[in-house]
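To start, the structure under review is shown below, and the notes come after it.
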Amino acid sequence: MKNKKLPNIYANPISKKLSNVQEMYYGRGSEREINTKQDVLKEIDAIFSSRNFVYKSKVEIVTVDGTKLVTVVGKTTNSLLTMEGESIPISSILNIEKK
């Protein structure tokens, strides 16, 4: 069976330039997108109004001081409250992402 000769297949040569090829770049780990204050407030409201939010939600917060992975349990008018008892000012948050 291995020595059985298979028929040749005709392959038409491509003589024109193809323009349907697009370059893609996926840079998940390179740089983070910094949101505006309105985007941050919308994201915070989306976390707290989510059907999955009952008491707490695990989020990654990027502030001017650095990145933190915290569990958010509440919100006041100008800060987020974490499970660890920390209060993070909303004005210092650059980006927030639910984990």
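The values are calculated or read from the model by the stated rules, or taken from the named source; none is laboratory data. Keep in mind the model is a prediction, meaning the values are calculated, not measured. Backbone-built Cβ (ideal geometry, glycine too); neighbour counts: all protein chains shown. The area values use the complete protein model at the heavy-atom level, side chains included, leaving out ligands, DNA and RNA. Shrake-Rupley method; radii C 1.70, N 1.55, O 1.52, S 1.80 Å.
Just the residues that are in contact (Cβ under 8 Å) with a residue 12 or more places away in the chain, hydroxyl-bearing (Ser, Thr, Tyr) and part of a loop (DSSP other than H, G, I, E, B), please, taken from region 51-97.
Of everything in region 51-97, just one residue is in contact (Cβ under 8 Å) with a residue 12 or more places away in the chain, hydroxyl-bearing (Ser, Thr, Tyr) and part of a loop (DSSP other than H, G, I, E, B), namely Tyr55.
What number of residues in region 45-99 are open to solvent by less than 80 Å² (accessible area, probe 1.4 Å), β-branched (Val, Ile, Thr) and in contact with a helix residue (DSSP H, G or I) (Cβ under 6 Å, 6 or more places away or on another chain)?
Qualifying residue count, region 45-99: 3.
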